[in-house]
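Since the structure comes first, as structure tokens, the remarks are kept for the end.
The values are calculated or read from the model by the stated rules, or taken from the named source; none is laboratory data. Note that this is a predicted model, so its numbers are computed, not measured. Cβ placement follows ideal geometry from the backbone for every residue including glycine, while neighbour counts extend to all protein chains displayed. Ligands, DNA and RNA are stripped out before the accessible areas are found, and what is left, the full protein with its side chains, is counted by its heavy atoms. Shrake-Rupley method; radii C 1.70, N 1.55, O 1.52, S 1.80 Å.
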Amino acid sequence: MCGNSRLRFLLFTFLLAIPCSSTIIKQPIECSRVQRNSTCFIEGLSFQSTADEYLAVFPTLPHLIIQSSEILHFAPHLFDALAETAFLTLKGSLIPAVTFRSDELHSLRIDNTELREFGVAAQENRNLNTLIINGNPLSVIPPTVRYLTGLSILDLSNNQLEQVQLSWFQGMENLLVLDLSANRITRIDVPPSLRLGRLKNFWVNHNRLRQVAFFPHFAPSLRRVRLVENYWSCEWVAQVRASIWHSLIQVYGAEYLCPEEVDGGLCCYDGQWYNDPSVERTGTGYGTGGSMVDTFPRAESLLKVQDDNREEVRGKQLRQTCDVLEQEYRRLVEEKELLERRFVNTVRELERTVKRLTAELTEAQDRVRSQHLSLV
């Protein structure tokens, strides 16, 4: 009897322990700091195991910025942990893989995270309207990007993309901006039937493109384009120039100093760099009377040609100098505008910091004053 009683007691104790051991304890993630516009900055975030990731709970704020963190794979379950977040930014971190799945996010930005693999859950998503991936070694866009049918802004600039299938964007009926600039793109595949009906901005500058098929017909609403710094075919440039003109498309940026040819502000690379036709060829020809005569160049004509060549070379050198100076001027103007914007942003950030510190100081002074009065 004593043994049975002891067995029942142990069994009862074990049953009591089961609910306690199975209780899931969530691990809330705290903000490193919060701005007044409800932007939460999370710094130094990392997980020891996948189990820790499943237990994570992000702050319930509309805008999260995760920086200086190390997350080897920002997987779908981490997106599920973003309870009320509409805008997510991953920046300045080590996050080499991201698999997107969220019905809540409106904007996802991935800046300088060493991203190499990006995936999208195979289900239609009409809530995400902005996707920005910049400054990463990303070389491939996954076909599953076509599930992001609600995108209006798709910025994939400053990565290492080599090839793009525009057909994957066919279902993005609200796509207004497509930025593929500053990659290593050698080919953009465009099916004849493709129509990006609302696309207004198309940036493909600073790549390695020879042509873009069916341009600009695949974007009937196109209004602004950047094409500079590619390896355009002169034949392609000649073909699209009239279409650009008739469609009233604004072309931003121009090239003036080209190793080969320049056509309408774009360098193209079909011909030789410089092809100077011969001045006079020695040989035989027909005179005014129809008889065969020798056609050797005269000395005075050679001297005249040499003078003309000097003037032409001098003119070319002057034009090249002017082109270089104009390009340098444009570069300096753009750099000045960029520095001005950075300065304004820095000043604003400092102002916000000063206001925050002032508020914290005032709050601390009020707290000290109240404690002092209570002691008195």
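Structure summary
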{"item": "Selection within the range 248-268 - among the β-branched types (Val, Ile, Thr) and modelled with pLDDT under 85", "result": "262"}
{"item": "Given (1) outside any loop (DSSP other than H, G, I, E, B); (2) surrounded by 14 or more Cβ atoms within 10 Å (Cβ to Cβ), index of the condition residue 149 fails", "result": "(1)"}
{"item": "Tally, over the range 37-72, of residues that are crowded, with 17+ Cβ neighbours inside 10 Å and among the aromatic types (Phe, Trp, Tyr)", "result": "2"}
{"item": "Failed condition for residue 89, given (1) surrounded by fewer than 17 Cβ atoms within 10 Å (Cβ to Cβ); (2) out of contact with any helix residue (DSSP H, G or I) (no Cβ under 8 Å at 6 or more places or on another chain)", "result": "(1)"}
{"item": "When residues of the range 238-253 are limited to those that are open to solvent by 40 Å² or more (accessible area, probe 1.4 Å) and within 25 Å of the chain's Cα centre (by Cα), the one nearest to residue 211 (Cα to Cα)", "result": "251"}
{"item": "Selection count, the range 62-93, where residues are in contact with a strand residue (DSSP E or B) (Cβ under 6 Å, 6 or more places away or on another chain), outside any loop (DSSP other than H, G, I, E, B) and not aromatic (Phe, Trp, Tyr)", "result": "11"}
{"item": "Selection count where residues are modelled with pLDDT under 90 and part of a loop (DSSP other than H, G, I, E, B), scope the range 221-247", "result": "1"}
